[in-house]
Each structure stands twice: as C-alpha cells, then as structure tokens.
Amino acid sequence: MRHGALVAADVTGVAGKGTGGARAERVRLRTARGRSASSQRWLHRQLNDPYVQEARRLGYRSRAAFKLLQLDERFGLLRPGMRVVDLGAAPGGWTQVATARVGGSGLVIALDMVAMDPVAGALVLEADFMEEAGLGAVLNALAGTADLVLSDMAAPTTGHAPTDYLRTSALCEAAYDLAEQVLAPDGAFVAKVFRGGSEAGLLARMKRSFATVRHAKPDASRPRSPETYVVARGFRGPPAVEQS
Ligand SMILES: C[S@@+](CC[C@H](N)C(=O)[O-])C[C@H]1O[C@@H](n2cnc3c(N)ncnc32)[C@H](O)[C@@H]1O
C-alpha cells in the first residue's frame with residue numbers, strides 16, 4: 001500500500017511538471033534509418049512522454065497504470081479487501097495498481113487475450129473475453145460477486161472512427177454485461193469508451209442500475225487519443241425484468 005501512496009503523489013508530480021525539469025528533456029532521434037514515418041513518430045512520442053519515463057522509474061509495465069491511479073484518486077474506486085475483475089489487462093499496469101490497492105485480503109482477476117507475465121497477488125487468465133470460454137473463465141475464477149469491474153479492453157484501431165467506436169463499444173457492452181451479472185450492491189464499473197462516450201442504449205442501462213454515471217478522461221490519457229472512461233458507481237442491482 002505504501003507503494004501505492006508514493007505513486008499517487010508522484011502522479012500529481014508528473015501531471016504538474018508537464019514537460020519541465022531535467023527528466024523531461026526532449027530526446028531527439030539521431031537516425032531514422034529503417035523506420036517508417038509512423039514508427040518514428042511513435043518512438044519520438046515514447047521517448048518524450050513523461051508518463052512513459054515515470055512508469056519505467058516506478059516499475060509499472062505500462063503508462064496506462066497512471067490512468068487508473070488518476071481515476072482512483074478522483075472517484076475513490078479501490079479499497080483494501082476488494083474483489084476486482086480487470087479485463088484487457090496486458091501488459092499489466094492496471095493489475096499492478098489494483099493488487100497494490102486491494103492488498104493481500106483482496107482478489108484481482110486479470111484477463112487478456114494476449115499472454116501476460118504473472119503479477120504477484122493477481123490471478124491471470126489468458127482468453128478472449130468475447131468468446132464464451134473467456135466469460136466462463138472469469139466467472140469460474142470469481143466464484144461469487146465482485147466489487148469492481150474494470151475494462152481497459154481496446155481493439156486495434158483501424159483509423160476509421162465509426163468502426164473503432166463500434167468495436168470499442170462492443171467490448172464495453174460485453175464488460176458491462178458481466179458487471180450486471182456479478183457486481184455486489186454498491187459495486188462500481190469502469191470501462192474505456194471512445195469519443196462520443198458510451199453508446200446511448202448502454203448509457204441508459206447504466207443510469208438505471210447505478211446511482212451515478214460519469215465520463216472522465218484522466219490526464220495520463222493522451223489528448224489526441226479518442227479514448228475516455230465511463231465510471232459508474234453505486235450499483236443498485238440489475239433492473240427488474242418487466243412482466244407483460
Ligand atoms: C490498452 S491495452 C490495456 C492496458 C492495460 N490496462 C495496462 O494497464 O497495461 C488493451 C488490451 O485489451 C486487450 N483486449 C482487446 N480485446 C480483447 C478481448 N476480446 N478479450 C481480452 N482482451 C482483449 C488487448 O489484448 C490489450 O492488451
């Protein structure tokens with residue numbers, strides 16, 4: 001937990017320091033030989049991104065860890081002893097944050113369709129969540145309720161905004177179906193969605209089942225990225241099935 005507190009302080013530091021300070025000195029690429037323009041742009045951005053540098057310094061596997069830390073700071077999502085499902089977990093930044101915050105008395109189930117190195121304190125599953133086996137693996141491992149369902153799942157972007165929006169919405173909706181099924185009373189759901197926020201039908205479902213539903217883009221989310229997060233808290237239980 002001490003590690004988590006230290007990190008939270010550092011996050012503010014990163015956001016506050018921006019590109020100032022010695023650590024943020026800009027790195028210039030000396031040679032572009034053999035690199036495409038897009039991979040050159042990616043490398044340049046990585047080398048000059050303070051969150052990438054900070055993630056490396058603190059031992060996080062991804063800069064994405066800071067997105068969850070910042071969402072947690074704002075919404076108070078993670079507490080010791082919680083049972084957490086982390087979907088789209090690889091390479092494991094969110095899993096590292098979640099295991100540190102829930103501690104030894106909690107449970108973190110991390111699933112991804114690509115292989116991921118173990119994280120101490122987490123149960124790591126490799127499966128496609130959009131297939132029955134993926135959902136089954138999570139339900140099996142959970143064997144009960146969850147207090148928080150996280151989804152940072154993202155399909156590779158195509159560059160065609162409507163397609164990317166639909167694919168990310170489908171992942172969010174699948175995660176939400178799980179949340180409605182397993183969340184304990186007062187539980188929470190956090191998922192990545194693309195510009196435009198949650199799809200209208202899904203948002204209406206969330207508003208019926210949760211006390212509050214908000215959209216938030218943490219500082220660590222790149223301004224140019226279309227991603228944002230939906231944060232639903234205070235689960236009231238799934239809506240009653242209407243009798244005809
Ligand atoms: C942005 S990355 C997650 C980063 C992670 N939260 C972290 O902190 O390191 C998105 C992940 O979603 C995963 N993903 C996409 N579709 C998935 C699916 N159908 N089932 C499981 N994982 C999926 C990808 O494999 C990728 O690892």
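Looking at the structure I just gave you, is Val190 touching a Gly at 6+ places or on another chain (Cβ under 9 Å), among the β-branched types (Val, Ile, Thr) and within 28 Å of Leu107 (Cα to Cα)?
no
Could you list all residues from the stretch 179-213 that are small (Gly, Ala, Ser) and touching a Ser or Thr at 6+ places or on another chain (Cβ under 6 Å)? Lay out the reasoning, then the answer.
Looking only at the stretch 179-213, we keep the residues that are small (Gly, Ala, Ser), and these are 179, 184, 187-188, 191, 196-198, 200-201, 204, 209, 211.
Correct list: Ala184, Ala191.
Please enumerate the residues belonging to the stretch 52-82 that are assigned to a loop (DSSP other than H, G, I, E, B), of a type outside the set (Lys, Arg) and within 9 Å of the ligand (Cβ to nearest atom).
Let us first name the residues in the stretch 52-82 that are assigned to a loop (DSSP other than H, G, I, E, B), namely 59-64, 76-82.
Imposing the further condition that a residue be of a type outside the set (Lys, Arg) reduces the set to 59-60, 62, 64, 76-78, 80-82.
Tyr60, Ser62, Ala64 - these are the residues of the stretch 52-82 that are assigned to a loop (DSSP other than H, G, I, E, B), of a type outside the set (Lys, Arg) and within 9 Å of the ligand (Cβ to nearest atom).
Read through the list (1) under 18 Å from Leu135 (Cβ atoms); (2) crowded, with 16+ Cβ neighbours inside 10 Å; (3) at pLDDT 95 or above, then give the number of the only condition that Val213 fails.
Tallying (1) under 18 Å from Leu135 (Cβ atoms); (2) crowded, with 16+ Cβ neighbours inside 10 Å; (3) at pLDDT 95 or above, Val213 fails exactly one: (1).
Has the stretch 152-170 got at least one residue that is buried (at least 20 other Cβ atoms within 10 Å of the Cβ), of a type in the set (Lys, Arg) and under 17 Å from the mean Cα position of the chain (by Cα)?
Looking for residues that are buried (at least 20 other Cβ atoms within 10 Å of the Cβ), of a type in the set (Lys, Arg) and under 17 Å from the mean Cα position of the chain (by Cα), one finds none in the stretch 152-170, hence no.
Can you tell me which of Ala179, Ala143 is surrounded by 15 or more Cβ atoms within 10 Å (Cβ to Cβ) and either closer than 23 Å to Thr228 by Cβ or small (Gly, Ala, Ser) (or both)? Give the derivation first.
Numbers: Ala143 fails: surrounded by 15 or more Cβ atoms within 10 Å (Cβ to Cβ).
Among Ala179, Ala143, only Ala179 is surrounded by 15 or more Cβ atoms within 10 Å (Cβ to Cβ) and either closer than 23 Å to Thr228 by Cβ or small (Gly, Ala, Ser) (or both).
So the check is Cβ under 8 Å with 6+ separation or different chains; which pairs have a first residue in the stretch 139-153 that's assigned by TED's automatic domain parsing to the domain that holds Arg79 and closer than 20 Å to Arg236 by Cα and a second one that's modelled with pLDDT under 95 and surrounded by 15 or more Cβ atoms within 10 Å (Cβ to Cβ)?
Pairs found: none.
Working only within the stretch 180-190, note down all residues that are of a type in the set (A, V, I, L, M, F, W, C) and either in contact (Cβ under 8 Å) with a residue 60 or more places away in the chain or more than 16 Å from Leu68 (Cβ to Cβ) (or both).
Going residue by residue through the stretch 180-190, those that are of a type in the set (A, V, I, L, M, F, W, C) are 182-184, 188-190.
Matches in the stretch 180-190: Val182, Leu183, Ala184, Ala188, Val190.
Which condition number does Arg236 fail, the rest of (1) at pLDDT below 90; (2) touching a Phe, Trp or Tyr at 6+ places or on another chain (Cβ under 7 Å) being met?
Exception for Arg236: condition (1).
Search the stretch 26-59 for residues being surrounded by 10 or more Cβ atoms within 10 Å (Cβ to Cβ) and at pLDDT below 65, and hand back the single one that is farthest from Asp219 (Cα to Cα). Spell out how you get there, then give the answer.
Our first condition is that a residue be surrounded by 10 or more Cβ atoms within 10 Å (Cβ to Cβ); within the stretch 26-59, this holds for 27, 29, 32, 35, 39-59.
With at pLDDT below 65 added as a condition, the list becomes 27, 29, 32.
Numbers: Val27: 22, Leu29: 26, Ala32: 30 Å.
Checked the stretch 26-59; the qualifying residue farthest from Asp219 (Cα to Cα) is Ala32.
The values are calculated or read from the model by the stated rules, or taken from the named source; none is laboratory data. As the structure is a prediction and not an experimental result, all values here were calculated from the model. Because the Cβ atoms are built from the backbone with ideal geometry, glycine has one as well, and the counts that use them run over all protein chains shown.
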